[in-house]
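Below: the structure, in structure tokens.
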Amino acid sequence: MASRRAKSPTETVSLRETLVSAGLEPRLADLLDKMPHRVVQVEARRPFREPGAMRDEVMFVRSGILSKFKSDASGRRQIVALRFPGEGILPREGTAQYGIQAIVRSEVMIGKARDFDPIVADHPEMQRFFWRLVQRNEDIGYEWLVNCGRRDSTARVAHLLCETAVRMHVDANDRMLNPFTQQQIADITGQTSVNVNRVLADMERQGLIKRKGREIEFTDWSEMRRVASFQPAYLEI
């Protein structure tokens with residue numbers, strides 16, 4: 001990828017435009033866009049929703065990145081999913097066994113399930129639309145499982161960076177503003193922050209990336225994808 005500017009997750013996206021561009025009919029997107037909601041600024045590095053809390057909310061990320069996380073018995077955290085601008089978290093019955101925390105300062109639209117569920121129930125096309133989104137998130141989860149379970153430390157980090165670039169819509173003329181701390185990368189890829197630091201340095205020495213502060217340039221995108229075993233088809237809706 002060549003590079004002109006740094007693409008950042010702090011850029012705000014529209015709910016209606018996102019839904020329409022993803023294939024939902026404009027009249028149905030309007031129903032969701034007009035649904036009662038509040039806009040919340042979520043600060044990073046402290047839980048926004050704790051594990052075990054009720055999940056009677058629907059969330060849409062306007063800017064920033066939200067993470068789902070779980071912790072083991074000793075308190076070590078594993079980030080199990082990410083939601084980028086234009087993505088969301090659907091409501092569910094009862095409590096959820098994961099917490100929610102922002103990776104960077106985020107702006108989130110939050111509505112109630114009691115308003116969201118009847119709209120979806122009344123429109124089969126909308127049900128099919130959200131089913132596709134659920135399937136996409138399931139496919140991402142399978143890819144993450146393989147990433148943490150079978151790939152080596154370099155491939156894990158490379159795969160995360162490739163996926164992040166695609167989900168942030170970084171194209172051939174963009175640099176990517178890396179949204180993650182090294183500890184967050186470690187929490188996603190199942191490593192230590194010390195090992196992540198070594199991996200990033202090795203990737204730079206191999207000519208896969210260039211770093212300038214938080215900016216990352218993919219100097220050899222094809223080789224980066226090969227190292228990561230990254231095939232982006234699982235990210236399609």
Picked from segment 134-149 (must be of a type in the set (A, V, I, L, M, F, W, C) and under 13 Å from the mean Cα position of the chain (by Cα)), the residue surrounded by the most Cβ atoms within 10 Å (Cβ to Cβ) is Trp144
Can you name the residue in segment 191-237 that is among the hydroxyl-bearing types (Ser, Thr, Tyr) and within 22 Å of the chain's Cα centre (by Cα) and is also farthest from Thr154 (Cα to Cα) among such residues? Tyr234
Quickly run through segment 150-202 and pick out the residues that are buried (at least 19 other Cβ atoms within 10 Å of the Cβ) and of a type in the set (D, E, K, R). Arg156, Glu163, Arg167, Asp174, Arg175, Asp187
Residue selected from segment 118-131 under the condition surrounded by 14 or more Cβ atoms within 10 Å (Cβ to Cβ) and assigned to a helix (DSSP H, G or I), by the criterion farthest from the chain's Cα centre (by Cα): Ile119
Strands (runs of 3 or more DSSP E) enclosed by segment 4-100 - at least 3 residues per element that are modelled with pLDDT of 95 or more: 38-42, 57-71, 77-83
Out of contact with any strand residue (DSSP E or B) (no Cβ under 9 Å at 6 or more places or on another chain), assigned by TED's automatic domain parsing to the domain that holds Leu90 and surrounded by fewer than 19 Cβ atoms within 10 Å (Cβ to Cβ): is that true of Arg38 in this structure? no
Pairs, please: C-beta under 7 Å, at least 6 apart or cross-chain, first residue in the same structural domain as Phe60 (by TED's automatic domain parsing) and more than 9 Å from Asp33 (Cα to Cα) and in segment 8-21, second at pLDDT 95 or above and surrounded by fewer than 16 Cβ atoms within 10 Å (Cβ to Cβ)? Val20/Pro26
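When you look at Val40, is it out of contact with any helix residue (DSSP H, G or I) (no Cβ under 7 Å at 6 or more places or on another chain) and within 20 Å of Gln184 (Cβ to Cβ), yes or no?
It is false that Val40 is out of contact with any helix residue (DSSP H, G or I) (no Cβ under 7 Å at 6 or more places or on another chain) and within 20 Å of Gln184 (Cβ to Cβ).
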Cβ pairs under 9 Å, 6+ apart, first in segment 55-82 and free of Cβ contacts under 8 Å to residues at least 40 places away in the same chain and farther than 19 Å from Glu43 by Cα, second among the polar types (S, T, N, Q) and in a strand (DSSP E or B): Ser71/Gln78; Asp72/Gln78
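The values are calculated or read from the model by the stated rules, or taken from the named source; none is laboratory data. Remember, it's a predicted structure, so these values are computed and weren't measured experimentally. Here Cβ is always computed from backbone atoms with ideal geometry, including for glycine, and neighbour counts include all displayed protein chains.
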